Amino acid sequence: MKIPTTLQGPWRGATPARTVPTLCLAAGIAGLVLPAQAQQVGDDGKLGDVPADNEVQHQTGTYIDTICPQMAELNRQGQLNAPQQRLLNRCGGAKFNIGREGFTEGDATGVLQRLSPEETLTIGSNHTDTALKDQLGTRFSALRAGVTGVSIGGVAQAEHGIYTGGSAGVDDGAPWGFFLNGVYSTGDKDGDENEDQFDFDAYGLTTGLDYRLSESLVVGVAYGYVDADADIDDGKGAVSSGNGGAGDSEQDTETHTLALYGTWYSGNVYFDGSVAWSQSEIDGERSIQYGFVNQAAEMSTDSDQLAISVGGGFNHHLGGPWNTRYFLRSDYVDAEVDAYRERARQRSAEGADPANPAQDLDSLIMQVDDQEIESWQSVLGVNLTYVQSVDYGVLTPYVTAAWHHEFEDDSRLITAKYVFDPTNDVLRFRSSAADEDFFGLSVGVSSVLANGTQWFVNYDTVLGLDDVSQHIFTGGFRVSF
């Protein structure tokens, strides 16, 4: 029997508030038995059958279909505490028009989206899609040829590492070099089969000190800081809630990076290497707004990351002011994101009625297990420079193109559950797989002044990623002593 969508009467404890057929928020579950009268919902009442926008939403619906009948039975036995009863009241109603919830059956897909923790996937994207790769490539060019370059941006990014270059001028022979760079990155990621769309901005500073051990060997240490913000939009706006901010979530990531690097060169041949350790503090907020339900789940977690890069290349003089550099590099990134438990922005009042959504601010918070993010890329590219002498020194414009191939392109499995879920079931869903191939393009200009001071400005972008656009602007200077 299909329960009419207009029926109301939320559970309070184990007894329905009305004598007429009642419907709790778990009524979208096949085989659910209501406390006072046996009411069975047909298969069309399953949340797993609601048309979903992506696999995460489908898995969320299936998870709710699984836990709600178990919670209903526990509630009938009087074994649920107040927070668990609030979850029972919320978790299963996306298929029907419950008067107290304030949405219609036509809103079911949108409500299911709000119940899904898709924002969790943005954490991984910030490590592999939208952060800044360790950009030591041009720093190595500077050490080899006396022209400054981009150094570490901060958060390692497995998919968007774009190294630039240029070679001109003559090193002043001083063994020590100090550099300071600033970077700004902006872009967006479109929604796909698993993840919400989001825009991002990142600001960073990098400073470092290196020492020339011999005519052909230089080693150094660098520190980078990046603050990255992501604004997440589920693309649906309000779902019968009238809330202007419905569907908007956000994440902020502060990353500190320490790197050791070195370069060896002889004639036109060179080899580079770097090892970088990063530690990130990640804070975010997940919007859960539909009908009369208006919750905000906050999260905080940490991540640790190891990035290793080794490569080499060959410089070739084309004649006159033109030079080329051909390079091949291998980049490896391994990041661990700690498990975390969400928290409500503010707790429900003591003794609040769990059937009243306005008094329920914590029933849908989740706990998420730890995540591992791994990337291994090969990077094959060419750099073209033009060296021009000017009154104040040497000016070198350049352009770099690089092909990136990702070997670790499998999606990762994420495990989560509602904090107040008393069952042994969990929600499992997968991230989108990384793009296997994409291209980096960089243009810029560097200069060596008459007094030996070096400066540069640089622009990077990425081409060929299915859903991501990114623009990176970097500038800095180097002095030797």
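When you restrict to C-alpha pairs under 8 Å that are six or more residues apart and normalise by the size of segment 352-443, the relative contact order lands at 30 percent. The share of accessible area on segment 317-471 that comes from carbon and sulfur is 52 percent, using a 1.4 angstrom probe.
Computed over protein heavy atoms with a 1.4 Å probe, the accessible surface of segment 340-481 works out to 46 Å² per residue.
Size descriptors for segment 370-446, from the alpha-carbon set: Rg then Dmax equal 22.7, 75 Å. Scalar couplings 3J(HN,Hα) for segment 264-279, obtained by applying the Karplus form with A = 6.51, B = -1.76, C = 1.60 to θ = phi - 60°, are 10, 8, 8, x, 9, 10, 8, 9, 10, x, 8, 10, 10, 10, 10, 10 Hz; x denotes Gly and Pro. Provide the FRET efficiency to the nearest 0.05 for the Gln77-Val426 pair, computing r from the beta carbons and using R0 = 25 Å. Plugging the Cβ-Cβ distance into 1/(1 + (r/R0)^6) gives 0.65.
Using a probe of 1.4 Å, the accessible surface attributed to Met366 totals some 0 Å² when neighbouring protein chains are kept in position.
The values are calculated or read from the model by the stated rules, or taken from the named source; none is laboratory data. What you are looking at is a predicted structure, and each value in this text was computed from that prediction instead of being measured. A quick note on method: Cβ atoms are made from the backbone with ideal geometry, for glycine too, and the neighbour counts reach across all protein chains shown. For accessibility, only protein heavy atoms count, side chains too; no ligands or nucleic acids. Shrake-Rupley method; radii C 1.70, N 1.55, O 1.52, S 1.80 Å.
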